[in-house]
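The values are calculated or read from the model by the stated rules, or taken from the named source; none is laboratory data. Here the structure is a predicted model, which means the values were calculated and not measured. Backbone-built Cβ (ideal geometry, glycine too); neighbour counts: all protein chains shown.
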Amino acid sequence: MARVMCSLRQAIPRAVAALVVAALLLACRSGACSSSSSGLAAATTASAGTSAPVPSAPVDAVDAAAPLPPPADAEPLTRIAWQPRGHRAALLRGGAITLVDPARPAGALAVGPLSGAVENLVFSDDGAQMMTHPEDGPIELWSTATGARALTLVDEAHRLTGTCFSHDGKLLAASIEAGDQTRSLRIWDTKTGAVLPDVAPPQEISGFWQLAFLPDDRQLAGFDALQVVVWDIRSGKRTGGRGFETGATSPVALSPNGTFAATSLEQHALIAWGLGAQHEVHLDQANGCADHLNGVYFSRDSRTLIASSLAGRSASWNVPSLSPRSRWAPALPEDREKGTMSDDGAIVLHVLADGSAEILDAYTGRKIRGLDGAMIFDLDVSFSPDHRWVLQGGAAPVAWDVLTGRRSPL
């Protein structure tokens with residue numbers, strides 16, 4: 001009996017080890033095992049009775065010098081649209097939209113099913129609603145909490161040249177161009193889908209390139225050709241606006257909260273004015289603007305006015321005081337480097353010709369930190385509204401944490 005028990009004590013560990021090895025080999029053949037042969041040997045040693053821990057590779061162990069490879073059969077991102085607050089983004093891939101928080105990509109929410117590839121996408125101020133419009137398709141409202149369709153406002157619309165929600169989210173305004181190029185303006189109740197009557201702008205203006213509700217949600221501002229018009233949406237009476245004497249204007253920017261407008265005139269001159277006032281502020285060479293301007297826009301929270309130049313530089317001003325927030329720095333040679341400014345005008349994303357990227361202080365041009373890996377700036381690259389994340393589109397969308405510089409695929 002003693003010999004039998006001794007034999008069993010010797011045979012059992014060998015049998016267990018053999019079973020473990022067989023199971024691991026079977027898992028490797030089925031594709032579930034990614035360990036190397038040295039890892040397999042370590043696991044076998046551990047099963048034989050050693051207590052040494054098996055080291056594991058870090059989850060984010062990615063070659064920081066190379067771009068992340070695109071997933072198999074992934075459709076490239078065509079656009080990134082941020083919700084007005086926080087850092088949740090709508091990622092557009094052809095006829096599909098996914099709402100993603102870069103901090104929690106596993107919780108992504110699919111929106112749809114959609115009617116086609118989306119041409120226009122607008123969020124309400126609180127981010128609870130989203131309007132989409134595919135070319136020659138319906139104008140639809142969606143819940144960003146569930147991803148489900150809430151309303152279909154128009155079964156077919158050729159083109160939208162301007163859209164905006166009222167600040168309380170109860171109205172949606174859109175300037176629609178039909179297939180025969182006739183234009184019309186409509187305002188819907190976002191709860192019922194009913195069209196508001198008597199919303200036509202004064203002076204028979206056919207359509208607008210931009211729209212913004214004023215804070216009272218009773219007045220609407222629109223930019224059409226060479227003028228900004230403000231009118232009461234129920235009476236149709238004009239309440240304000242401004243015309244331009246020259247045709248050489250860049251597109252006018254209307255602040256999302258409907259309080260300010262800005263445009264660049266004659267290449268260098270940048271002017272801004274309150275929609276409820278006639279006073280203009282000229283933000284030109286006296287404030288360091290020596291470059292030809294090619295872009296003027298307001299931050300999503302309407303607290304910052306940002307202008308960009310053909311030389312790749314940006315500057316910003318506080319709203320409503322219009323005092324300078326950041327200088328025209330850094331200088332980014334157009335043929336070698338590119339950059340974009342955060343919504344608050346505090347930091348700049350700076351991408352060099354070799355694809356390396358860094359975060360700079362917008363006022364001093366000083367480098368704050370580098371970002372891991374390479375960035376393809378020609379793709380859709382943008383800051384989140386809270387300037388915590390940078391997203392890059394393409395076939396393999398990537399998010400960078402601005403505070404740490406680390407990147408992760410989406």
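In a strand (DSSP E or B), of a type in the set (Gly, Ala, Ser) and in contact (Cβ under 8 Å) with a residue 60 or more places away in the chain - does that describe any residue in region 86-105? The answer is yes, given that some residue of region 86-105 is in a strand (DSSP E or B), of a type in the set (Gly, Ala, Ser) and in contact (Cβ under 8 Å) with a residue 60 or more places away in the chain.
Select from region 219-243 the residues that are in contact with a Ser or Thr (Cβ under 7 Å, 6 or more places away or on another chain) and aliphatic (A, V, I, L, M) and write down the one among them that is surrounded by the most Cβ atoms within 10 Å (Cβ to Cβ). Result: Val230.
Restricting attention to region 106-138, the residues being buried (at least 18 other Cβ atoms within 10 Å of the Cβ) and not in a strand (DSSP E or B) number 5.
Any idea which residue in region 389-410 is nearest to Lys367 (Cα to Cα), counting only those that are small (Gly, Ala, Ser), in a loop (DSSP other than H, G, I, E, B) and touching a strand residue (DSSP E or B) at 6+ places or on another chain (Cβ under 7 Å)? My answer is Gly405. Would a scan of region 253-271 turn up a residue that is at pLDDT below 75, in a strand (DSSP E or B) and buried (at least 19 other Cβ atoms within 10 Å of the Cβ)? Within region 253-271, none of the residues are at pLDDT below 75, in a strand (DSSP E or B) and buried (at least 19 other Cβ atoms within 10 Å of the Cβ).
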